[in-house]
There are 2 protein chains.
Amino acid sequence: MIIHTALFRLKHANGSAQEAAVLKAADILVAIPGVENFQKLRQVSAKNEFTFCFSMEFNSQKEYDFYNVHPDHVAFVQGKWIPEVANFMEVDYVKI
Amino acid sequence: MIIHTALFRLKHANGSAQEAAVLKAADILVAIPGVENFQKLRQVSAKNEFTFCFSMEFNSQKEYDFYNVHPDHVAFVQGKWIPEVANFMEVDYVKI
C-alpha cells in the first residue's frame, strides 16, 4: 500500500471562493479507480509554507500509475493545479 | 484531532545499523500519553529529499503540547534526533 500526498499552497486568499472552488474540484479525483481513503487536509504547522494537502492510498504502484495518467487527474492538474497552486511538494509513504 | 508528522533524512547510510537504531529508539515516543496511531513510514517519492516519517495523532492541542515537553520526547530529540538527523520538516494536519 502506498500513501500518496500532495502538500500545496494556493495562489488564492485564505477562505476565498477561489480556494473553495479548487478544493471542490478535487472531488473528481475520488472517483478514479484505485483511489482509496481520499482526504482533504488543512496543513496547520507554522514550520512549513503549505496550507493544504490531498492524501490518498493505492494498493500498489499499478493503481498509482493508472491514477497519474487518468484523464480526470490530468484534466485537474492542467485546469486547476498548475494555474492555481503557488507551491507544492509530493510526499509518498509506505509502512515500515 | 491533529495529525503530527515529522519527515526526515538521517545522516546514516540506507539500511545501516545506525539507521535501525534511530528507528528503534523512537519506540519510546509511542508510550507518551496522548500519542495515538504512531506510525513509522518510509518516504518513497523521488520528488523530495526525505526518506522517513514519524506520524502520530493527538486528540487536541493539549495532548500535542504535553508531548512536546514530555521528558521522553525531549530526551529523544536531544539524544537521537538532533545529532543523527540530517534534515527534517514538520507537517501537521487537521481534517477539512
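Rule-based calculations on the coordinates, nothing more; no lab input. Since we're looking at a predicted model, the values are computed, not measured. Glycine gets a Cβ as well: all are built from the backbone with ideal geometry, and neighbour counts include every protein chain shown.
Which order do B:28, A:82 fall in if you start with the one that has the fewest other Cβ atoms within 10 Å?
Values: B:28 15, A:82 9.
Final ranking by Cβ density, sparse to dense: A:82, B:28.
Could you pull the Cα extents of the protein assembly as shown along its three principal axes, largest to smallest, in whole Å?
Taking max minus min along each principal axis of the Cα atoms, the protein assembly as shown gives 47, 35, 24 Å.
Evaluate the charge dipole of chain B about its Cα centre and quote only its size in Debye, nearest 20, assuming +1 on the Cβ of each Lys and Arg and -1 on the Cβ of each Asp and Glu. Before the final figure, lay out the partial values.
Details: 9 positive and 11 negative charges, 65 e Å.
Magnitude of the dipole: close to 320 debye.
Using a Cα-Cα cut-off of under 15 Å, which aspartates and glutamates could be cross-linked to residue A:62, ignoring same-chain neighbours fewer than 8 residues away?
Filter leaves A:36, A:92.
For chain B, what's the relative contact order in percent, using C-alpha pairs closer than 8 Å and at least 6 residues apart?
Numbers: 147 pairs, mean separation 46.1, N = 96.
Relative contact order for chain B comes out at 48 percent.
Given a cut-off of 29 Å, name the pairs among A:47/B:80; A:24/B:11; A:24/B:24 whose C-alpha atoms lie farther apart than that in the structure shown.
Numbers: A:47/B:80 20 Å; A:24/B:11 41 Å; A:24/B:24 41 Å.
Violating the 29 Å limit, Cα to Cα: A:24/B:11; A:24/B:24.
What does the net charge come to around residue B:50 if you take all other residues with beta carbon closer than 15 Å to its beta carbon, with K and R at +1 and D and E at -1?
Details: positive: A:47, B:9, B:11, B:40, B:42, B:47; negative: A:90, A:92, B:19, B:49, B:84, B:90.
Net local charge, residue B:50 excluded: 0.
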